[in-house]
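A quick write-up on the structure given underneath.
The values are calculated or read from the model by the stated rules, or taken from the named source; none is laboratory data. All values reported here derive from a predicted model rather than from experimental measurement. FYI the Cβ positions are ideal-geometry reconstructions off the backbone, even for glycines, and counts take in every protein chain you see. Keep in mind that these areas ignore ligands, DNA and RNA; they rest on the heavy atoms of the full protein, side chains included. Shrake-Rupley method; radii C 1.70, N 1.55, O 1.52, S 1.80 Å.
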Amino acid sequence: AKMSGGSSLSAADLVAMRQYVLGFTAPTVMDGFYNSDGYIKDCNEKALKLKGMIPNSYAFAALDRERDLVEQTEEYMKNGFDGIKLFEGKPSEYMIFGWGYEDERFDRFFEYAEQKQIPIMLHNNDPIENWDMSKATPRAIEKGWVYDETVPTQEWFFRALEDALDKHRNLKVAIAHLGFYADDLDRAEALFEKCPNLYFDITPALPIYVDLCKDPARAEAFFRRYHDRLTYGTDASNALVGAARDYNDTKT
């Protein structure tokens, strides 16, 4: 479950979020210090509140780049978090901060997380269409998820993550949206074979389904072989209303 609304979330909003996820087997609240609307400095505090309100739930903390990544991870885990959520591999984040998983600061964090076997939910990259304004979706354009020559290429973001995984092969990490490897399952398979604690989720990012449908037999073989290392989700949040809310509601 994704928590939307940032610092404007009230006690009533938290209750509504709780009602939204009740019925799931093991709901997990994922945080992010930065989103398209700006900084959210109290998202971790709200996530822990939700964890306390929802039976059998989990909470993943976001990292603040202005603080030491390892020190705050130690603090978050002691305070009751179950893992860490990373957005720092998304190109739009790179546009703001200028560094991500290739940086020495993340190398230290990955080393610590690998040693302690801290679960990580990680976002990396974007669809290749986002580097071409003529092919990018209206939503990507609206969100500012389109990139020119001032932003590294999609391949650069793949390499940055793969280099980190090569150095820290026992990280307990799940990569969101199939890592945008849906058009290169051989590459995704190579990562699975190299990293025994690696998982992918197939939460909707519509281009990945288009890519999977280009070779259904290959996609089916991949899904059958790695069925126990693929997780499912909706990318839905408490902000959904109307038909979109009904579609993602566990009661329907």
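Subtracting the Cα-Cα distance of residue 75 and residue 235 from their residue separation scaled by 0.36 nm leaves 54.9 nm. When all protein chains stay in place and ligands, DNA and RNA are ignored, the 1.4 Å accessible-area order of 58, 112, largest first, is 58, 112. Take residue 203: with every protein chain present and a 1.4 Å probe, its accessible area is about 10 Å². Label separation (residue 115 vs residue 163): 2.3 nm, computed from points 7 Å beyond Cα along the C-beta direction. Of the cross-linked pairs 51/135; 143/214; 116/194, those separated by over 31 Å at the C-alpha level are 51/135. In this structure the amide hydrogen of residue 58, modeled in the peptide plane, comes within under 5 Å of the amide hydrogens of 28, 29, none closer than 5 places in sequence on its chain.
One decimal place: the segment residue 56-residue 220 gains 55.8 nm when fully extended, by the rule 0.36 nm per residue minus the C-alpha distance. Each of residue 143 and residue 193 was given a label point 7 Å from its Cα along the Cα-to-Cβ line. The distance between the two points is 3.2 nm.
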